[in-house]
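> My questions all concern the structure below.
The values are calculated or read from the model by the stated rules, or taken from the named source; none is laboratory data. Everything numeric in this text was worked out from a predicted model, so none of it was measured. All Cβ positions, glycine included, derive from the backbone under ideal geometry; neighbour counts span all protein chains shown.
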Amino acid sequence: MNLLNRQEAIGVAHSKLILVGEHVVVYDKPAIAIPFPLKIVAKLKETYGQITFSSNLYNGKLDTIPLPMKGLEECIQKAFELCQKPLEGVHIEVTSDIPVGRGLGSSAALATALVRGIYNYFHKSLSLEELYQLVGLAETHAHGKPSGIDMMSVASDLPILYQRTIGASPLIVSKPFHVVVADTGKIGDTKKAVNHVKEIKLRRPQLVEAIIDEIEKIVMEAKEAILTGDAKGLGCLLTKNHEKLKELEVSDPLLDRLVELAIRAGALGAKLTGGGKGGCIIALARDKEHAIHIARKLKQDEAKMVWCFSNISEEIYFVD
Ligand code: PMV
């Protein structure tokens, strides 16, 4: 094999934030997710022999990948099979800005970047159906029975309204929203949080079903607020959603503290985002300066990392 002109390709995916509706989306209710412009890049290079993998999580041969990442092996094997290529002769190098286990969709983004990279490498066109099928293999391993919102949102450049039984529809935002994200630094466990909600739903079905219905209402109102550019209204809905997530017992003291601090700093609203019990909060600010002000307050307190961006410009304008 001549490796002088080595073949190379990349696949890219971005992170995501669930704006409203996490957990209820598992019960076939709608939720809204937005793109978060942290990126993950998978670079594929021609090499000799077995498929090898390098990332900050694992370096080595694909077939000895650790158990928690086994879904990726399945996803890569299937992608090669669909491209009708033998599983060999490629090194995959992953670089990522997305912290792991913080409800930011890092696992779905990794699988999406890999699949896109493999199809680019073999010059094959990739349909959305194929992408979801392949990323679904990795996600099922990582989360058990995911609703699918993570993989839909990391593959979409627009905010989406997602419902398992219906699919994803893009939402066109009429005015920019200024978003602050703060990381507690604590790794959340989505599978455990989802199981916890399931358990309390079995014990107190009426109460939990009522909370689920209330969150569904919040999501539908949030959709209108996004479409009409009502940042203030959307902020109130975020805070209301956080209260409901607390009732579902998926928040924790650090998330609650950061939410309270953001609101004290004048945020239009704030809530945990993703599975909860660790991970990140999301807050809405009036404008760019206000977003940076809130982010600084959170960072001076317990937040390990903060980011600010506008969902229209698609760039992170403050990170600390
Ligand atoms: O992967 P996370 O932590 O963003 O959680 C996904 C959202 C949940 O609704 C909690 C789970 C799911 O499968 O939708």
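> Could you please tell me which pairs satisfy a Cβ distance under 8 Å, a separation of 6+ or placement on different chains, a first residue in segment 92-104 that is without any contact (Cβ under 8 Å) to a residue 40 or more places away in the chain, and a second residue that is of a type in the set (A, V, I, L, M) and within 8 Å of the ligand (Cβ to nearest atom)?
none
> Mind checking whether some residue in segment 72-94 is within 16 Å of the ligand (Cβ to nearest atom), within 30 Å of VAL180 (Cβ to Cβ), outside any loop (DSSP other than H, G, I, E, B) and at pLDDT 95 or above?
No, because not a single residue in segment 72-94 is within 16 Å of the ligand (Cβ to nearest atom), within 30 Å of VAL180 (Cβ to Cβ), outside any loop (DSSP other than H, G, I, E, B) and at pLDDT 95 or above.
> Taking the residues in segment 70-89 that are within 12 Å of ILE51 (Cα to Cα) and touching a residue at least 40 places away in the same chain (Cβ under 8 Å) as candidates, determine which candidate is surrounded by the fewest Cβ atoms within 10 Å (Cβ to Cβ).
Applying the filter and picking the extreme gives GLY89.
> Could you list, in sequence order, all residues of segment 259-278 that are away from the ligand (no atom under 16 Å from the Cβ) and either within 19 Å of GLN300 (Cα to Cα) or in contact with a His (Cβ under 6 Å, 6 or more places away or on another chain) (or both)?
VAL259, GLU260, LEU261, ALA262, ILE263, ARG264, ALA265, GLY266, ALA267, ALA270
> Looking at segment 236-292, which of the residues that are acidic (Asp, Glu) and within 14 Å of CYS308 (Cβ to Cβ) is nearest to the chain's Cα centre (by Cα)?
It comes out as ASP287.
> Name the pairs: first residue in segment 171-196 and in contact (Cβ under 8 Å) with a residue 40 or more places away in the chain, second residue in a strand (DSSP E or B) and of a type in the set (Gly, Ala, Ser), Cβ to Cβ under 6 Å, at least 6 apart or on different chains?
Close Cβ pairs (under 6 Å, with a partner that is in a strand (DSSP E or B) and of a type in the set (Gly, Ala, Ser)) amount to PRO176/SER310; HIS178/ALA285; HIS178/SER310; VAL180/ALA283; VAL180/ALA285.
> Next up: Just for segment 177-218: of the residues that are of a type in the set (S, T, N, Q) and within 12 Å of the ligand (Cβ to nearest atom), which one is surrounded by the fewest Cβ atoms within 10 Å (Cβ to Cβ)?
So the residue we want is ASN195.
> Restricting segment 15-54 to residues that are among the basic types (Lys, Arg) and outside any loop (DSSP other than H, G, I, E, B), which is farthest from the ligand (Cβ to nearest atom)?
Filtering first and then ranking leaves LYS45.
> Quick test for you: out of VAL12, VAL100, pick the one residue that is outside any loop (DSSP other than H, G, I, E, B), surrounded by fewer than 16 Cβ atoms within 10 Å (Cβ to Cβ) and not charged (D, E, K, R).
Testing whether each residue is outside any loop (DSSP other than H, G, I, E, B), surrounded by fewer than 16 Cβ atoms within 10 Å (Cβ to Cβ) and not charged (D, E, K, R) leaves just VAL12.
> Restricting segment 155-167 to residues that are of a type in the set (A, V, I, L, M) and either closer than 16 Å to ILE226 by Cα or near the ligand (Cβ under 10 Å from one of its atoms) (or both), which is modelled with the lowest pLDDT?
LEU158
> Another one. Across segment 103-118, which residue is surrounded by the most Cβ atoms within 10 Å (Cβ to Cβ) among those that are within 13 Å of the ligand (Cβ to nearest atom) and among the hydroxyl-bearing types (Ser, Thr, Tyr)?
For segment 103-118, the residue satisfying everything is SER107.
> I'd like to know if segment 144-158 contains one or more residues that are part of a loop (DSSP other than H, G, I, E, B) and among the hydrophobic types (A, V, I, L, M, F, W, C).
yes
> Kindly indicate whether any position in segment 308-318 is touching a residue at least 40 places away in the same chain (Cβ under 8 Å), within 15 Å of ASN241 (Cα to Cα), in contact with a helix residue (DSSP H, G or I) (Cβ under 9 Å, 6 or more places away or on another chain) and crowded, with 23+ Cβ neighbours inside 10 Å.
No: zero hits.
> Quick check on my filter: what residues within segment 279-309 are of a type in the set (Gly, Ala, Ser) and either away from the ligand (no atom under 16 Å from the Cβ) or modelled with pLDDT under 95 (or both)?
Correct list: ALA283, ALA285, ALA291, ALA295, ALA303.
> So, one more: Select from segment 130-147 the residues that are at pLDDT 85 or above, crowded, with 20+ Cβ neighbours inside 10 Å and within 12 Å of the ligand (Cβ to nearest atom) and write down the one among them that is farthest from ALA31 (Cα to Cα).
Only one residue fits best here, namely GLU139.
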